[in-house]
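Peer 1: Below you will find the structure I want to go over with you.
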Amino acid sequence: MAQIVLEQGQSQESRYATGRVHSIESMGTVDGPGVRFVVFTQGCPMRCAYCHNPDTWAVGSGAGTSVTVERIIDEFESNRPFYRTGGITVTGGEPLLQPEFVGDLFAAMHANPNGRVHTCLDSCGYAYNPKKPARFDKVLAQTDLVLLDIKHSDPEGHKALTRCAPDNILAFGDELARRGVKVVIRHVIVPGITDTEEECEALGRLIAPWHNVVGLEMLPYHTMGIVKYEQLGLEYPLKDVPAMDKGRIPALREAVMRGLRQARAAERHCAG
Ligand code: SF4
């Protein structure tokens, strides 16, 4: 990935909502299909024990850099030939903390005079507010693909792992299903926390009602984020947890699919 330098205090006038951005990478290959321009928004309300980006957590006017949609479009256009099979991804932090900015950015990318750009939202879903759905109308109408992180299938396990309840996340999943937005589910497999067949089967049952799910990424936990905690003077919550054995991932993936198939078979049985 190539990082684009964001200077403080250079924000221009804009007719769009302005974003608070942590960083921008011009050649992303892991956050959505193809080669992608990746915007990391600033701010996240969750505190996942394995978070690799604790430097994106802080919210407020002093955190991150103020960046306009026009600036992002300019940077994108300077490398446009690379994104022919990819597009733009907004990740974080948690992008849904800034739905107006992401909605304006994605709308501008879709209406781009040089050609429509594929838009991908990488979100934990927690900042979605089901009591204020109108606030999220634009961003969801302009999103081609969502990478939705489901951290844990069990509400108590979710709270222990992220310090947050999963209700808003599940409401977000339901809303995406209602709208028919394509979703890829992401699940980090952590030894001793999310690496049992029971947990993975339960995840399959949880996502089974969402027929808009088009993919599943099982991400083995690794320890590369520890160095950031040291730099920030933060204690790393999983310091005694080893990296996940990648050899176990296919069986755990099959457990998710088994749970999903069982739930869908029961759904058909009830409907019939
Ligand atoms: S949702 Fe993502 S950015 Fe936020 S704490 Fe969890 S891993 Fe970190």
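The values are calculated or read from the model by the stated rules, or taken from the named source; none is laboratory data. Keep in mind that what you see is a predicted model, and the values were worked out from it rather than measured. Glycine also receives a Cβ, built like all others from the backbone with ideal geometry; neighbour counts cover every protein chain displayed. Calculation scope for accessible area: heavy atoms of the full protein, side chains included, ligands and nucleic acids excluded. Shrake-Rupley method; radii C 1.70, N 1.55, O 1.52, S 1.80 Å.
Peer 1: Does Gly157 satisfy the condition of being farther than 18 Å from Gln98 by Cβ, surrounded by 16 or more Cβ atoms within 10 Å (Cβ to Cβ) and modelled with pLDDT of 95 or more?
Peer 2: Numbers: farther than 18 Å from Gln98 by Cβ: yes; surrounded by 16 or more Cβ atoms within 10 Å (Cβ to Cβ): yes; modelled with pLDDT of 95 or more: yes.
Taking the combined requirement at face value, the residue satisfies it.
Peer 1: For the stretch 58-67, state whether one or more residues are surrounded by 18 or more Cβ atoms within 10 Å (Cβ to Cβ), β-branched (Val, Ile, Thr) and in a loop (DSSP other than H, G, I, E, B).
Peer 2: For the stretch 58-67, residues surrounded by 18 or more Cβ atoms within 10 Å (Cβ to Cβ), β-branched (Val, Ile, Thr) and in a loop (DSSP other than H, G, I, E, B): absent.
Peer 1: Then there is this: Restricting to the stretch 116-136, and then to whatever is closer than 29 Å to Gly86 by Cα and without any contact (Cβ under 8 Å) to a residue 24 or more places away in the chain, can you tell me which residue is least open to solvent (accessible area, probe 1.4 Å)?
Peer 2: Result: Ala134.
Peer 1: Restrict the check to the stretch 75-92 and report whether at least one residue is on the phi > 0 side of the Ramachandran plot, within 14 Å of the ligand (Cβ to nearest atom) and in contact (Cβ under 8 Å) with a residue 24 or more places away in the chain.
Peer 2: The answer is no; no qualifying residue exists.
Peer 1: Out of Arg47, Arg80, report the one residue that is among the charged types (D, E, K, R) and over 20 Å from the mean Cα position of the chain (by Cα). Don't jump to the end; show me each part of the working.
Peer 2: Numbers: Arg47 fails: over 20 Å from the mean Cα position of the chain (by Cα).
Answer to the selection: Arg80.
Peer 1: Now a separate question. Considering each residue of the stretch 12-37, count those that are part of a strand (DSSP E or B) and in contact (Cβ under 8 Å) with a residue 60 or more places away in the chain, and give that number.
Peer 2: First pass over the stretch 12-37, keeping only residues part of a strand (DSSP E or B): 19-28, 36-37.
From what's left, in contact (Cβ under 8 Å) with a residue 60 or more places away in the chain: 19-20, 22, 28, 36.
Qualifying residue count, the stretch 12-37: 5.
Peer 1: Among the residues of the stretch 68-115, write down those that are part of a loop (DSSP other than H, G, I, E, B) and in contact with a helix residue (DSSP H, G or I) (Cβ under 6 Å, 6 or more places away or on another chain). It would help to see each step written out before you state the result.
Peer 2: The initial filter retains those residues of the stretch 68-115 that are part of a loop (DSSP other than H, G, I, E, B), namely 68, 79, 84-86, 92-94, 98, 111-115.
Selection gives Gly92, Gly93.
Peer 1: When only residues in the stretch 93-110 that are open to solvent by 10 Å² or more (accessible area, probe 1.4 Å) and under 27 Å from Ile169 (Cβ atoms) count, which is nearest to the ligand (Cβ to nearest atom)? Walk me through it before giving the result.
Peer 2: Kept after step one, since they are open to solvent by 10 Å² or more (accessible area, probe 1.4 Å), are these residues of the stretch 93-110: 93, 97-98, 100, 104, 107-108, 110.
Keeping just the survivors that are under 27 Å from Ile169 (Cβ atoms) gives 93, 97-98, 100, 104, 107, 110.
Numbers: Gly93: 5, Leu97: 10, Gln98: 14, Glu100: 20, Asp104: 22, Ala107: 24, His110: 26 Å.
Only one residue tops the list, namely Gly93.
Peer 1: Filter the stretch 105-115 for residues that are out of contact with any strand residue (DSSP E or B) (no Cβ under 9 Å at 6 or more places or on another chain) and in contact (Cβ under 8 Å) with a residue 60 or more places away in the chain and give the result.
Peer 2: Across the stretch 105-115, the qualifying residue is only Ala108.
Peer 1: Does Thr29 satisfy the criteria of being hydroxyl-bearing (Ser, Thr, Tyr), away from the ligand (no atom under 16 Å from the Cβ) and out of contact with any helix residue (DSSP H, G or I) (no Cβ under 8 Å at 6 or more places or on another chain)? Lay out the reasoning, then the answer.
Peer 2: Working: hydroxyl-bearing (Ser, Thr, Tyr): yes; away from the ligand (no atom under 16 Å from the Cβ): yes; out of contact with any helix residue (DSSP H, G or I) (no Cβ under 8 Å at 6 or more places or on another chain): yes.
Yes, satisfied.
Peer 1: Every residue in the stretch 40-67 that is of a type in the set (S, T, N, Q) and either within 29 Å of Pro242 (Cβ to Cβ) or more than 10 Å from the ligand (Cβ to nearest atom) (or both), please. I'd like the intermediate steps shown before the answer.
Peer 2: Let us first name the residues in the stretch 40-67 that are of a type in the set (S, T, N, Q), namely 41-42, 53, 56, 61, 65-66.
If the condition is that a residue be of a type in the set (S, T, N, Q) and either within 29 Å of Pro242 (Cβ to Cβ) or more than 10 Å from the ligand (Cβ to nearest atom) (or both), then Gln42, Asn53, Thr56, Ser61, Thr65, Ser66 are the ones that fit.
Peer 1: Tally the residues that are more than 16 Å from the ligand (Cβ to nearest atom) and in a loop (DSSP other than H, G, I, E, B), restricting the search to the stretch 130-152. So that I can check it myself, show each step before the final result.
Peer 2: The first filter runs over the stretch 130-152 and keeps only residues more than 16 Å from the ligand (Cβ to nearest atom), leaving 130-145.
Checking the rest, the ones that are also in a loop (DSSP other than H, G, I, E, B) come to 130-132, 142-144.
Number satisfying all stated conditions: 6.
Peer 1: Sticking with this one: Report those helices (runs of 4 or more DSSP H) wholly inside the stretch 162-272 carrying at least 3 residues which are modelled with pLDDT of 95 or more and open to solvent by less than 50 Å² (accessible area, probe 1.4 Å).
Peer 2: Details: elements: 167-179, 197-207, 226-232, 249-271.
Fully inside the stretch 162-272 and qualifying: 167-179, 197-207, 249-271.
Peer 1: Another question, then. Quick check on the stretch 38-51: of everything there that is closer than 13 Å to Cys124 by Cβ and assigned to a loop (DSSP other than H, G, I, E, B), which residue is most open to solvent (accessible area, probe 1.4 Å)? Working first, answer last.
Peer 2: Of the residues in the stretch 38-51, the ones closer than 13 Å to Cys124 by Cβ are 41, 43-48, 50-51.
Pick out the ones that are also assigned to a loop (DSSP other than H, G, I, E, B) and you get 43-48, 50-51.
Details: Gly43: 0, Cys44: 18, Pro45: 50, Met46: 3, Arg47: 71, Cys48: 14, Tyr50: 18, Cys51: 25 Å².
Among those residues, the one meeting the criterion is Arg47.
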